[in-house]
Amino acid sequence: RFAAAGLSALIVVFTMGTGVYAYESEEVVEGHPLYFVKSSLESVQKGMARTPEARAEFHSRMMERRISEGEHQLSRQPERVEKALDAAADQLERSVEELAPSVQDPELRAQMIEELSIHNARYVELSARVQKGEAESGEPAHLRSRVEGHGLSKDEQVRLFERKARASDLNDAP
């Protein structure tokens, strides 16, 4: 009986530790043995985001995570960075889909647009680093086209895609 309780406790501690590692690690990307744990935890978080504001924030956070994963993979496995960029672009689109029609508070909208703009600047920077031979030409056109038609105002789109060193703003923030 005590052995079964001890074994159960070890299993719980091991799986909790594994889950935390899988969720927090930038090394755990698609193809990693623990990726299913990470994606399962993210699915649970997504399910807990009930309001449009919470869903937009969730997708923004996931965009940030995919970009961080891509930055981390750039020196180790550069072939995986494109997948991270594609996943980040998907998350930007989903954030805007939730934000544009449903979030009416102008202050909250502005805050979310600012956050997405910072993520976008990091996306552009990483994308430019992946395409070493090409000159940096602003945001990739496909990223802008993914959010058009989702209900953001022209002003919000301009703020979302302005590039004033926003990626470094995020890294300098306390």
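Read-outs throughout are calculated quantities, based only on the coordinates presented, and are distinct from any laboratory measurement. Values in this document were obtained by computation on a predicted structure and should not be read as measured data. Counting neighbours? That spans all protein chains shown, and the Cβs are built from the backbone with ideal geometry, glycine included.
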Cleavage-rule hits, trypsin sites (Lys or Arg not before Pro), segment 22-113, DSSP coil, Cβ neighbours within 10 Å at most 10: ARG50
Compute the length gained on full extension between SER39 and GLN131: take 0.36 nm times their separation in residues and subtract their Cα-Cα distance, giving the result in nm to one decimal. 30.3 nm
Length gained, ALA110-VAL20, 0.36 nm per residue minus C-alpha separation, equals 29.2 nm
Determine one quarter of the surface area of the Cα convex hull of segment 53-116, which equals its mean projected area, and express it in nm² to one decimal. 3.9 nm²
When the expected Rg is taken as 2.2 N^0.38 Å, what fraction or multiple of it is the alpha-carbon Rg of segment 17-149? 1.08
For the pair HIS150 and GLU82, what calculated FRET efficiency results from E = 1/(1 + (r/R0)^6), where r is the Cβ-Cβ distance and R0 = 22 Å, to the nearest 0.05? 0.40
